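Q: I'd like to ask you about the structure that follows.
The values are calculated or read from the model by the stated rules, or taken from the named source; none is laboratory data. Keep in mind that what you see is a predicted model, and the values were worked out from it rather than measured. With ideal geometry, Cβ positions are generated from the backbone for all residues, glycine too; neighbour counts draw on all protein chains shown. Just the protein is used for accessible areas: all its heavy atoms, side chains included, with ligands, DNA and RNA removed. Shrake-Rupley method; radii C 1.70, N 1.55, O 1.52, S 1.80 Å.
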Amino acid sequence: MVIQQPSNQIKLTNVSLVRLKKGKKRFELACYKNKVLEWRSGIEKDLDNVLQIPSVFLNVSKGQTAPSAELAKAFGKDTSVDDIILEILRKGELQVGEKERTAQLERVHNEVVSIITSKLVDPRTKRVYTPGMIEKALDMLSSMAHQNQQQQQHTDKTSSNPSTAPGTPSTSEPGEGKPHRPAHLPTWTGVATTKSAKSQALDAMKALIAHQPIPVARARMRLRITCSTNVLKQSVKAPKAPASAEGGGGEGGGGGANLGEHKAPGTVKDKILSYVEQVESQDVVGSQWEVVGFVEPGAFKGLSDFVGGETKGQGRVEVLDMAVTHED
């Protein structure tokens, strides 16, 4: 006996779903596992390698395809099926299984730890930490962040429902009674699959440096700075006085003028050397002055902008090593 299957029902297994809700309807695509992320990142270009079948579904698990009328109502009459598929792929929510999610989290976690290990060092020895030490430090930060969240929720709950003892009048004045909250420091709660590993590694490094669960510092950059000797002795322009300082001398008359005066920060050479933490070598070759040294990563942009702007094209900054570390 032949069992007749409904003509619009397609059975699919081992799929990753991409869902998009539009026009009060939920539309789904049946995709190959791991291919959607590759397509979104630009690695995979061929849609045939992404879609298991080039159709839009109302329910993939039931094999129910979306009628043309529903698609036209939600996406517009002039929108082709190919354009609808592209929109769902771009904007839809990717549904993955538990094993896939765990594997993806582990992959991102390992990548984040690898980036941090290459960028942070022990400030005393300048040596890198092992991945295990970095993972322990991140776990400490994550536990600390969750504890702080719980304490904050408890504080917010008690402050929103104050209980005063019977007969005890409230003596709080405006500005009183609310606990002073310290400035927010960077926090780390763990990796996520919705952000790139690089951006998460930067967030984690900020939190590690701010909280110091273990002594850490950014590994310094090794740079070569060259500049024409003609501009080295030129004075650096003093920064403009703030508007409030000008003419703000009050009764003293001369006070405003004193506030408006700013001592020049020295010559171009002095300013360049102020960015360099440690000079490795310094020499003059012909009409070019050259210095090789170590600079904090946070100072690199300021140094590069200064050399580019103040020397008017007669100086340049070269990166010799992005992160100088000492390994055992």
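Q: Say we look at the range 52-87 and pick out the residues that are basic (Lys, Arg) and in contact with a strand residue (DSSP E or B) (Cβ under 9 Å, 6 or more places away or on another chain); which of these is most open to solvent (accessible area, probe 1.4 Å)?
A: 73
Q: Ok, one more. Scan the range 37-51 for residues that are outside any strand (DSSP E or B), of a type in the set (A, V, I, L, M) and surrounded by 10 or more Cβ atoms within 10 Å (Cβ to Cβ) and jot them down.
A: Within the range 37-51, 37, 47, 50 qualify.
Q: Every residue in the range 233-246 that is closer than 11 Å to residue 271 by Cβ and either open to solvent by 70 Å² or more (accessible area, probe 1.4 Å) or at pLDDT 85 or above (or both), please. Talk me through it step by step, then tell me what you get.
A: To start, the set of residues in the range 233-246 that are closer than 11 Å to residue 271 by Cβ comprises 234-237.
Hits for the range 233-246 are 234, 235, 237.
Q: Just checking, how many residues over the range 62-86 are of a type outside the set (A, V, I, L, M) and within 13 Å of residue 26 (Cα to Cα)?
A: Summing the residues that are of a type outside the set (A, V, I, L, M) and within 13 Å of residue 26 (Cα to Cα) in the range 62-86 gives 6.
Q: Another question about this same structure. In the range 215-225, which residues are over 30 Å from residue 141 (Cβ atoms) and either open to solvent by 10 Å² or more (accessible area, probe 1.4 Å) or modelled with pLDDT under 85 (or both)?
A: Kept after step one, since they are over 30 Å from residue 141 (Cβ atoms), are these residues of the range 215-225: 223-225.
Across the range 215-225, the qualifying residue is only 224.
Q: When the residues of the range 5-27 are filtered to those that are part of a loop (DSSP other than H, G, I, E, B), of a type outside the set (S, T, N, Q) and open to solvent by 70 Å² or more (accessible area, probe 1.4 Å), which remaining residue is modelled with the lowest pLDDT?
A: 11
Q: Of all residues in the range 310-328, which are of a type in the set (S, T, N, Q) and either at pLDDT 80 or above or assigned to a helix (DSSP H, G or I) (or both)?
A: Within the range 310-328, 311, 314 qualify.
Q: Scan the range 93-105 and tell me whether some residue there is modelled with pLDDT of 90 or more and open to solvent by 70 Å² or more (accessible area, probe 1.4 Å). Before the answer, list the steps.
A: Step one: of the range 93-105, the residues modelled with pLDDT of 90 or more are none.
No, the range 93-105 has no match at all.
Q: Note down all Cβ pairs under 7 Å where the first residue falls in the range 120-141 and is over 21 Å from residue 324 (Cβ atoms) and in contact (Cβ under 8 Å) with a residue 24 or more places away in the chain, the second is open to solvent by less than 50 Å² (accessible area, probe 1.4 Å) and of a type in the set (Gly, Ala, Ser), and they're at least six residues apart or on different chains.
A: 138/204; 141/207
Q: Here is a further query. Quick check on my filter: what residues within the range 265-318 are farther than 29 Å from residue 206 by Cα and touching a Lys or Arg at 6+ places or on another chain (Cβ under 8 Å)?
A: 265, 267, 268, 269, 289, 290, 291, 310, listed by residue number.
Q: Let me ask something additional. Which numbered condition in (1) aliphatic (A, V, I, L, M); (2) modelled with pLDDT under 90; (3) more than 36 Å from the chain's Cα centre (by Cα) is the only one that residue 37 fails?
A: (3)
Q: When you go through (1) modelled with pLDDT of 80 or more; (2) under 28 Å from residue 319 (Cα atoms); (3) in a loop (DSSP other than H, G, I, E, B) one by one for residue 274, which number turns out not to apply?
A: (3)
Q: Can you list residue pairs whose Cβ atoms sit under 6 Å apart, with the first residue in the range 70-91 being within 14 Å of residue 22 (Cα to Cα) and part of a helix (DSSP H, G or I) and the second being open to solvent by less than 40 Å² (accessible area, probe 1.4 Å) and of a type in the set (S, T, N, Q)? Count only pairs 6 or more apart in sequence or on different chains.
A: Qualifying pairs under 6 Å: none.
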